[in-house]
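See structure below.
Since every read-out is calculated from the coordinates, none of them should be taken as a lab result. Everything quoted here is computed from the prediction, not taken from an experiment. Because the Cβ atoms are built from the backbone with ideal geometry, glycine has one as well, and the counts that use them run over all protein chains shown.
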Amino acid sequence: MISYTKQPHEREYRLIFKNIDREGWDPSIGTYMSDGGYDDLKKAFKMAPKEITDEVKKSGLRGRGGAGFPTGLKWSFIPPKNTKPVYLICNGDESEPGTFKDRYIVHQDPHQLIEGMIISCFATGAHKAYIYLREEFPEAALIIEKAIEEAREKGFVGNNILGSGFDLEIYVHRGAGAYICGEETGLIESLEGKRPYPRIKPPYFPAALGLYMCPTIVNNVESLCHVKHIIRMGGEEYSKLGVTRNTGTRILCVSGDVKKPGYFEVEVGKVTMRELLYDMCGGPKDGREIKAVIPGGSSSKILKADEVFKLKNPDGSERELAFWDIPMDFDSLAACGTMAGSGGVIVLDDTRKMSWVLNNLNAFYAHESCGQCTPCREGSTWMKKISDRLVEGNATAKDIDTLESVAYQIDGRTICAFGEASSWPVEAIIAKFRDELLADTKPEGEVESNPEAAAQKKFLVETQ
Ligand SMILES: Cc1cc2nc3c(=O)[nH]c(=O)nc-3n(C[C@H](O)[C@H](O)[C@H](O)COP(=O)(O)O)c2cc1C
Ligand code: SF4
């Protein structure tokens, strides 16, 4: 029986986080191998690369980085007649607000990631792999670099790995600290030493035209770790975890207004919103009520705690699903008009003012836009300026309409999905909390005609 410094909740199913906060565990290769580490790699080398991809397809694994795209399918997009080098990139940027899972893997269990990556490289024919880490993870870079050297000493990295004839080098690359470096094509540009300006898709789908214009697989840290468990269990057995089309386990990161926030690894879709927030996180703080949840990182659309959704059954009939009964899986959250995204569940209780939440999100996206396309660069800044006015008590009802119109003019009109990431929260908050926002506005005649000058005056008075 494994003991932990913080005991996992009884509803958890620990696959990826088995070793996180485990008593007596350290990130060394000795500890990892004493627990069966690298046995799955040995098993994988006895398989043909295509067999591994087939097992990953059978497992139903969907990417844990945000979009939930099927991993095996992504791998099979590498052009079959490709003659160029293939690269694999592990996306360890973990930049989506509300998400804090990958950091535990790279800090505490780096060999699990390296083993998953070696198997994935063998399957996809990549002989060079990169682990892209966000700037704010300096210690993780040192831990991973040490782990790669340990793996090399044991013959798991380098030339002719375990006598298989397969060669692989793994490099660590640190970003400079920008949200957009998490977007896969921005990440690739950054890795090439340029500004992380996302590339337009098509034609730059990384599996065909990625790093140095060669086929490149970009996968999230957690996704790559799952690969080793799929090889150990077999794709079919793995697919029995979770629910249909939403298989395996995933780590949910709960932050905000609950008694016991934290990370929880659960079978996908086997836990509802109520079970997660009440049974696992202890419910709201005393005397408060949960008002809303942002379920999949800050860019997912907000859900109201009193919402009831009308969903279509396969036979065309309709059924109702209350917010509290939503299973935490990709398809259920999508059917409720939002997304499972990166697994970052942000809880807001009745003390949170929606104008403040809106402004907080707008400030983040205005700061992080790479500036390459006009709707995003200008629009995200306008949205921030309008919501600044709202929290300063200087907005009119018309400003809410303008804000909504700006959001819809960004959505779908940009090079990368940052456009949607910044506009979806605004669209959803206005649609669901319009009355609350309107209560923070003033009639035309009562607002400052030049709020920026007024704010400057206020600042000067306060700092004198
Ligand atoms: C603005 C933006 C930021 C993103 N940030 C991350 C990130 O920090 N980590 C990540 O794994 N994926 C991030 N993604 C998704 C990646 O582009 C990509 O889809 C993902 O790394 C693929 O891995 P997966 O298939 O294993 O999920 C981001 C996407 C966008 C649009
Ligand atoms: S949508 Fe925004 S972040 Fe993405 S390329 Fe355009 S300006 Fe840059």
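Could you tell me the ratio Rg/Rh of the stretch 16-57? Both radii from Cα atoms, Rh via Kirkwood. Across the stretch 16-57, the Cα-based Rg/Rh ratio is 1.11.
Using a Förster radius of 25 Å, what is the FRET efficiency between His127 and Met33 based on their Cβ-Cβ separation? Nearest 0.05, please.
0.55
Over the Cα atoms of the stretch 240-306, the radius of gyration divided by the Kirkwood radius equals 0.98; this is the Rg/Rh ratio. Semi-axes of the equivalent ellipsoid for the stretch 260-409, computed as √(5λ) from the eigenvalues of its C-alpha gyration tensor and ordered from largest down, come to 30, 19, 16 Å.
Among Arg389, Arg22, Arg11, a tally of other beta-carbon atoms within 10 Å of each Cβ gives an order, fewest to most, of Arg11, Arg22, Arg389. Hull volume per residue, based on the alpha-carbon atoms of the stretch 354-454 and their convex hull, is 85 Å³.
Cα convex hull, the chain: 172 Å³ per residue, rounded to a whole number. In plain terms, the C-alpha convex hull of the stretch 1-128 casts an average shadow of 9.5 nm² when viewed from every direction. All alpha carbon pair distances within the stretch 29-240 were sorted into 10 Å bins beginning at 0; the resulting P(r) in whole percents reads 9, 37, 39, 14, 0. Restricted to Cα atoms, the stretch 243-349 shows a radius of gyration and a Dmax of 13.2, 43 angstrom. Computed over the stretch 103-228, the P(r) tail beyond 24 angstrom holds 27 percent of alpha carbon pairs. The packing ranking of peptides 366-373, 209-216, 456-463, highest mean first, is 209-216, 366-373, 456-463, where packing means the average number of other beta carbon atoms within 10 angstrom of each residue.
Take the Cβ atoms of Glu10 and Arg152, set R0 to 25 Å, and the FRET efficiency comes out at 0.05.
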